[in-house]
Amino acid sequence: MKYDVIVAGGGWGGCAAALEAAVQGASVVLLERTDMLPGTGLAGGIMRNNGRFTAAEEMDALGAGALFALTDSISRHKNIDFPGHRHAWLYDVGKVSGVLERTLAESGVHIVYGSRIIKAEMDKERLKAVISAEGTRYEGKVFVDATGTAGPMGECARYGNGCAACVLRCPVFGGRVSLCGLAGVKEKAGRREDGGTGAMSGSCKLMKESLSAGIQKELEEAGAALVPVPDSLREDHLSAKACQQYALPEFARQLVLLDTGHAKLMAPWYPLRKLRCIPGMENARFEDPYAGGKGNSIRFLAMAPRENTLQVKERPNLFCAGEKAGPMVGHTEAIVTGTLAGFNAVRRLRGKSLLTLPGSLACGDIIACAGEALEQEQVVGKYTFSGSAYWERMQRMGLYTTSREEVEKRVEEAGLTGIFAEK
Ligand SMILES: Cc1cc2nc3c(=O)[nH]c(=O)nc-3n(C[C@H](O)[C@H](O)[C@H](O)COP(=O)(O)OP(=O)(O)OC[C@H]3O[C@@H](n4cnc5c(N)ncnc54)[C@H](O)[C@@H]3O)c2cc1C
């Protein structure tokens with residue numbers, strides 16, 4: 001089978017890359033090893049919190065607002081605040097997969113599920129074709145690696161507390177395989193502050209029905225519930241999280257629960273026996289990962305060296321998106337990098353110069369900052385519009401705004417209004 005653009009991995013990064021390449025008129029195949037989109041986005045849901053609001057508006061002004069319109073359209077709660085976070089929107093994780101699949105298919109993206117890429121054919125430094133585990137060969141002109149950085153099981157055992165039976169479902173579909181790795185690119189793993197490798201995913205899903213009626217009501221009505229944790233039960237494992245934006249004391253004193261369809265517990269794991277000692281949680285059960293009483297998946301194990309155009313270094317027809325493109329955490333961040341990777345993949349196909357987003361836009365600035373971090377010997381720290389160091393930088397640099405007019409002005413001054421929608 002032959003395509004202009006082949007995207008490996010159907011998380012938010014790969015979905016955005018495939019959609020943008022299709023919008024640009026290329027023939028596109030999206031190869032996903034499981035039976036659902038969008039990867040870890042099946043377990044997430046938080047959008048537009050803090051600086052992610054600015055980034056979503058920037059993307060819309062740049063002409064790539066479709067995926068934000070999609071998550072907005074299936075949001076269970078809009079504009080809610082929780083500790084350290086303002087104006088969050090929570091999409092329904094139960095609906096996202098089907099809605100997203102239809103949107104991509106209607107845009108002309110050919111989605112092939114159950115296609116785990118395990119081999120690459122090269123012509124010197126150029127990729128020619130990829131081959132899936134069941135033996136299908138896909139020939140392409142340009143490729144995007146959006147296979148993420150999580151797992152597989154051996155890595156979760158080595159750097160975490162074992163396979164936590166998460167939504168990536170490695171035992172059934174086979175573990176993550178990096179396209180960059182298959183193309184001979186030397187990738188980098190992130191480091192934790194204590195020198196450990198990778199980072200543990202930062203939230204769990206609880207079965208809403210297993211919680212007290214009072215907590216369920218609060219979640220349904222307000223979108224968030226804060227459940228006090230008795231002193232004797234306080235856990236201190238927040239620093240292990242990939243999502244440093246939630247490693248705040250408020251998240252240890254109380255359980256922060258968000259309604260994304262399930263009850264999203266903002267902790268990397270929580271021992272079930274302790275959880276059930278907290279009033280209202282006596283019957284609590286984990287939904288994702290199933291072993292959330294013990295651990296969670298390990299991520300940031302394989303990031304690719306790349307330019308700020310998201311072309312992988314020394315691989316002219318290979319681009320990268322999402323967590324593969326550096327230590328950036330989040331759906332919004334993956335959609336930003338995915339869109340740019342898909343756009344530049346088609347520019348490469350047509351022999352045009354590649355686009356770098358300018359530092360006057362938060363979307364350009366975060367890609368440059370994460371790119372600098374990737375150049376360091378040790379990649380410590382994570383970048384997200386929603387918290388920790390990059391969120392502080394966004395505010396310091398005056399990049400954060402909730403004003404649509406201001407965002408439009410910045411994009412216009414950069415000469416990029418609607419660029420992602422233009423063919
Ligand atoms: C539990 C959890 C909760 C989260 N909650 C939030 C949240 O609320 N809000 C937020 O903004 N962010 C959240 N995040 C972070 C966010 O989900 C990620 O940073 C982002 O979505 C990563 O997208 P990605 O496309 O880079 O990778 P992934 O989501 O990891 O997707 C990679 C995809 O590639 C596929 N794949 C891997 N190898 C191959 C192969 N060889 N061939 C074919 N396919 C392959 C995988 O099956 C997977 O679908 C959460 C993360 C986790 C784990």
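Straight-line reach from K124: taking Cα to Cα under 20 Å and skipping same-chain neighbours fewer than 8 places apart, the lysines in range are K2, K141, K186, K313. 3J(HN,Hα) along region 365-374: 5, 5, 5, 5, 5, 5, x, 4, 4, 5 Hz, from the Karplus curve 6.51 cos²θ - 1.76 cosθ + 1.60 with θ = phi - 60°, whole Hz, x for Gly and Pro. Placing +1 on each Lys and Arg Cβ and -1 on each Asp and Glu Cβ, with no other charges, gives the chain a dipole about its Cα centre of roughly 960 debye.
Taking G114, G98, G326 as the candidate residues, the one with maximal mean-square fluctuation in a Gaussian network model of the chain, Cα springs under 10 Å, is G98. For the chain, the longest principal axis of the C-alpha atoms and the axis of helix 12-23 are separated by about 40°. When D288, D81, D194 are sorted by how many other C-beta atoms sit within 10 angstrom of their C-beta, beginning with the fewest, the order is D194, D81, D288. For I118, nonlocal amide neighbours, meaning residues 5 or more places apart or on other chains whose placed amide H falls under 5 Å from its own, are I131, S132, A133.
Ordering A120, L272, T356 by Cα displacement along the dipole of the chain toward the positive end leaves A120 in first place; charges were set at the Cβ atoms of Lys, Arg (+1) and Asp, Glu (-1). Every helix of 4 or more DSSP H residues in the chain counts as -39500 (n - 2.57), and over all residues that averages to -8500 deg cm²/dmol at 222 nm.
The string of couplings for region 266-273 from the Karplus curve (6.51, -1.76, 1.60, θ = phi - 60°) is 7, 8, x, 7, 8, x, 4, 4 Hz, one whole number per residue in order, with x for Gly and Pro. For W269, W89, the sequence from fewest to most other C-beta atoms within 10 Å is W89, W269. Note on the chain: percent of Cα-Cα distances in each 10 Å bin, starting at 0 and stopping at the bin with the largest distance, equals 5, 24, 34, 25, 10, 2, 0.
Remark: F53, F143 ranked as F53, F143, counting other beta-carbon atoms within 10 Å and listing the fewest first. Once the gyration tensor of the Cα atoms in region 99-233 is diagonalised, the equivalent ellipsoid follows with semi-axes of 38, 23, 13 Å, ordered largest first. For region 76-125, trypsin sites (Lys or Arg not before Pro) meeting the loop criterion (DSSP other than H, G, I, E, B) and having at most 16 other Cβ atoms within 10 Å: K95, K124.
Between the amide H of R306 and those of K313, distances stay under 5 Å, these residues lying 5 or more places away or on another chain, with hydrogens modeled in the peptide plane.
Coordinate-derived values only; no laboratory data. Computed from a predicted structure; not experimentally measured. Counting neighbours? That spans all protein chains shown, and the Cβs are built from the backbone with ideal geometry, glycine included.
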